[in-house]
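Read the structure below first, then the notes.
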Amino acid sequence: MKLRNKLLTASLLSAMTLGAQADVSGYVTVTSDYMFRGVTLNDKSPALQGGIDWEGDTGWYAGGWASQTDDGETSDVEVDLFAGYYGEMENGFEYDLMVIYYALLDDADYNYFELHGALIRPVSDSLTLSLNLDYTNDSIAAKGFGDDLSALHVSAIAEYDLGDDMGLAFEYGRQGWDEDGENYGYNWGRVSLTKDYNDFSFDLSAWYNNLDDDDSSKFTASVSYNF
């Protein structure tokens, strides 16, 4: 169901850079809506979020993240646990391999694992391109569609460093499901402007999806305190 952070997604990826030494960091975020792949997961309402990350000196990392959630009928708390490995190749490409466990504290029927992979290419000092793949054989949507519903998410991201601790990110993706050979899915996108100031990070994002009759937020704002 989720992945967020400062620049890459309302997501963990931006908080997981490869450090020279083992390090532990954390953050607390207040956001106008919890958005995941172009869809609101908090009924277009503000959410309190927070996470903690451990980064090893060999590329391994692990951490956890939590957020308020609301589907319009029931409020809950989502807790995501993740672990992975980040590395660099001789040809200049970087890669990120991760396993994530998504859990709702009050409704374990929706809990599931997802595998994440990313191929990242710094094009210049300012521009970075990446391709992300996320797969699960037990989608969160399985409770509504049946017991066997695999899901594949693909997205492309372009990040541009504007200088002065500001960044601009563009992401376009497709979330798809496969049930008994039938394919379902939707396209989504976002544009995010970020700014770091001392221990704070600010994010303004515009969102899009092509789901019929979807009423998700079109714009969000968030502020994080990093420690």
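Taking the Kirkwood radius as the inverse of the mean 1/r across Cα pairs, report the Rg/Rh of segment 54-114.
On the Cα set of segment 54-114, Rg over Rh gives 1.15.
With helices as the sole contributors, the chain gives 0 deg cm²/dmol at 222 nm; each DSSP H run of n ≥ 4 counts as -39500 (n - 2.57), and the sum is divided by every residue. How charged is the neighbourhood of Ala22? Take every other residue with its Cβ under 9 Å from the Cβ of Ala22, and add Lys/Arg as +1 and Asp/Glu as -1. Local net charge: -3.
Ligands, DNA and RNA are left out, and with a 1.4 angstrom probe the accessible area of the chain is 52 Å² per residue. Loop-resident trypsin sites (Lys or Arg not before Pro) (DSSP state other than H, G, I, E or B) in segment 124-227 with no more than 15 further Cβ atoms inside 10 Å of their Cβ: Lys218. Here the Karplus relation 6.51 cos²θ - 1.76 cosθ + 1.60, evaluated at θ = phi - 60°, turns the backbone of segment 218-227 into coupling constants of 9, 9, 9, 9, 8, 9, 10, 10, 9, 9 Hz, with x for every Gly and Pro. In the neighborhood of Val123, defined by Cβ-to-Cβ distances under 14 Å, what is the net charge if each Lys or Arg adds +1 and each Asp or Glu adds -1? Local net charge: -3.
Could you tally the net charge around Ala66, taking each other residue with its Cβ under 10 Å from the Cβ of Ala66, Lys/Arg +1 and Asp/Glu -1? Local net charge: -2. When GluC sites (Glu not before Pro) are flagged only if DSSP places them in a loop and at most 14 other Cβ atoms lie within 10 Å, the longest unflagged stretch of the chain comes out as 91-227. Hey, how much of the P(r) for the chain falls beyond 22 Å, as a percent of Cα pairs? That fraction is 52 percent. If you wrap the Cα atoms of segment 136-227 in a convex hull and average its projected area over all directions, you get 7.8 nm². First compute the accessible area of the chain with a 1.4 Å probe, then give the percent of it belonging to carbon and sulfur atoms. Taking all protein chains in place, the chain shows 57 percent carbon and sulfur surface.
The values are calculated or read from the model by the stated rules, or taken from the named source; none is laboratory data. Nothing here was measured: the structure is a model prediction, and the numbers come from that model. Ideal geometry is used to build each Cβ from the backbone, glycine not excepted, and the neighbour counts take in all protein chains shown. Remember, those area values only see protein heavy atoms, side chains included, never the ligands or the DNA or RNA. Shrake-Rupley method; radii C 1.70, N 1.55, O 1.52, S 1.80 Å.
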